[in-house]
Amino acid sequence: MEVTNMDEDIGGSGYSLEDLSAYVDRDCQPPIAAIDRNPECQAVIESMRRMSLFARQLIERDESQPLSAGWLDSLLRDVARDMRAGEDLELPGGDQLTQLLTTEGAIRECVRRAADGIAGCLTGRVEVRTGDPDTGIRVTVRISVLFGAVIKEVADAVRAAVFAAISAEFVIPVEAVDVLVVDVHEEGEGGLN
């Protein structure tokens, strides 16, 4: 399927979010090189897999309430938007002949992976803002917290995990990690509508 709307084209692969979802549903068979070799597509697929695991955990907790497709669609759109490469960010450590770079998209995926690893957290939109190169980046993470979890504890755990993940993967100073709890979801429900 050829994608004509550039907003729907993930990473210049020629495939849309819907195409990637179908590819994951087929367990990535048969292999499609344009998807398998594209870092943005791979980041979206990894996020889809993490959300699928989270959704299964919600269903296992309360099988009497079906999950709404709307919240998952909204989340997948946030993931696709976040996976766009965005601006190049210069990393410290370069010299006259070498410039070290990363992209906003790489940092957003690192943040999303860290936040998704926190129990009771469903990650929504992730924003990376650059400021003064000496103070570094400022990250904002929007999350939904499972009803019954202590919101402050989940938010603090997300903040700590994001700081640790960025420090481990990038040589870039982090000015702040802002965690915004934008929704609370019950077992069997999604959040971040």
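No value in this document is a laboratory result; all are computed from the given coordinates. What you see is a predicted model, and the numbers here were worked out from it, not measured in a lab. FYI the Cβ positions are ideal-geometry reconstructions off the backbone, even for glycines, and counts take in every protein chain you see.
Worth a mention:
- In this simple spin-label approximation, residue 149 and residue 18 carry label points 7 Å from Cα along the Cα→Cβ vector, and these lie 3.2 nm apart.
- Computed extension gain for residue 156 through residue 37, at 0.36 nm per residue and net of the alpha carbon distance, reaches 39.3 nm.
- For the pair residue 168 and residue 135, the difference between a 0.36 nm per residue extended length and the Cα-Cα distance amounts to 10.1 nm.
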